[in-house]
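Heads up: the structure comes next, in structure tokens.
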Amino acid sequence: MSETVIPESRTYRHLKCKTETTISGQPFEVMSNPLSDMASTWCSQCEGQFPLSEYEWADTNEKVLDYYARYSANASELQRFLCSRKCMLILAAFGFVLGAIGGWFLFRGDAMWLKVGMPIVCGGFGAFGGLAIYISALCGPITRKVCGVEDTRTLT
Ligand SMILES: [Zn+2]
């Protein structure tokens, strides 16, 4: 197997209290992504969320925001926007509206409860579809292109 090993977790340090906190799982995926618009993260010592500007990676002593800047330097404004949470919400909302309209058309001749209920159900599927498009067609490929890796957790 020549595949890159993807780290499970990474430790960051809160500059104010010098305490190290380890992040793993999905939050780590988000935090490792230089294009994520994650704004704050948890400090286990201060027991609170603080802006990312107050943290550095424990292994490299690089400020998290410097790391973001270094890896996202090639990203255009459009690419940044397409990977942002705002864009994700817009796509989900758009999917919901499309799904709801579709549901209304499909069931408009049916009983009242179907007429009311199905657009909501179809809207839910639409929102889900919007999220799937965001992840598979926008965020994933753009991040891979900008950062040059399959998984941003391998970045250091
Ligand atoms: Zn702290």
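Here Y12 qualifies as within 16 Å of the ligand (Cβ to nearest atom) and either open to solvent by less than 50 Å² (accessible area, probe 1.4 Å) or not assigned by TED's automatic domain parsing to the domain that holds G129 (or both).
Taking the condition small (G, A, S), buried (at least 17 other Cβ atoms within 10 Å of the Cβ) and free of Cβ contacts under 8 Å to residues at least 40 places away in the same chain, does A100 pass? For A100, the condition - small (G, A, S), buried (at least 17 other Cβ atoms within 10 Å of the Cβ) and free of Cβ contacts under 8 Å to residues at least 40 places away in the same chain - is met. When the criteria are applied in full, I101 fails the requirement of being modelled with pLDDT under 95 and assigned to a helix (DSSP H, G or I). Restricting attention to segment 29-52 and to residues that are surrounded by fewer than 13 Cβ atoms within 10 Å (Cβ to Cβ) and without any contact (Cβ under 8 Å) to a residue 24 or more places away in the chain, the residue that is farthest from the ligand (Cβ to nearest atom) turns out to be A39.
Reported count of residues in segment 15-28, each being open to solvent by 50 Å² or more (accessible area, probe 1.4 Å) and away from the ligand (no atom under 16 Å from the Cβ), is 3. If the condition is being closer than 17 Å to T156 by Cα and among the charged types (D, E, K, R), then segment 13-62 contributes R13, E20, E29, E56, D59, E62.
Yes/no per residue for (1) modelled with pLDDT of 90 or more; (2) aromatic (F, W, Y):
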| position | (1), (2) |
| --- | --- |
| T4 | no, no |
| S24 | yes, no |
| F28 | yes, yes |
| P34 | yes, no |
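When residues in segment 72-97 are screened for being loosely packed, with under 12 Cβ neighbours inside 10 Å and assigned to a helix (DSSP H, G or I), 3 of them pass. Residues being touching a Pro at 6+ places or on another chain (Cβ under 7 Å), buried (at least 17 other Cβ atoms within 10 Å of the Cβ) and either among the charged types (D, E, K, R) or not in a helix (DSSP H, G or I) (or both) are entirely absent from segment 58-66.
Tell me, yes or no, whether segment 86-101 has at least one residue that is closer than 20 Å to T156 by Cβ and not β-branched (V, I, T). Within segment 86-101, not a single residue is closer than 20 Å to T156 by Cβ and not β-branched (V, I, T).
The values are calculated or read from the model by the stated rules, or taken from the named source; none is laboratory data. Please read all numbers here as calculations on a predicted model, not as lab measurements. FYI the Cβ positions are ideal-geometry reconstructions off the backbone, even for glycines, and counts take in every protein chain you see. These area figures cover heavy atoms from the full protein model, side chains too; ligands, DNA and RNA do not enter into them. Shrake-Rupley method; radii C 1.70, N 1.55, O 1.52, S 1.80 Å.
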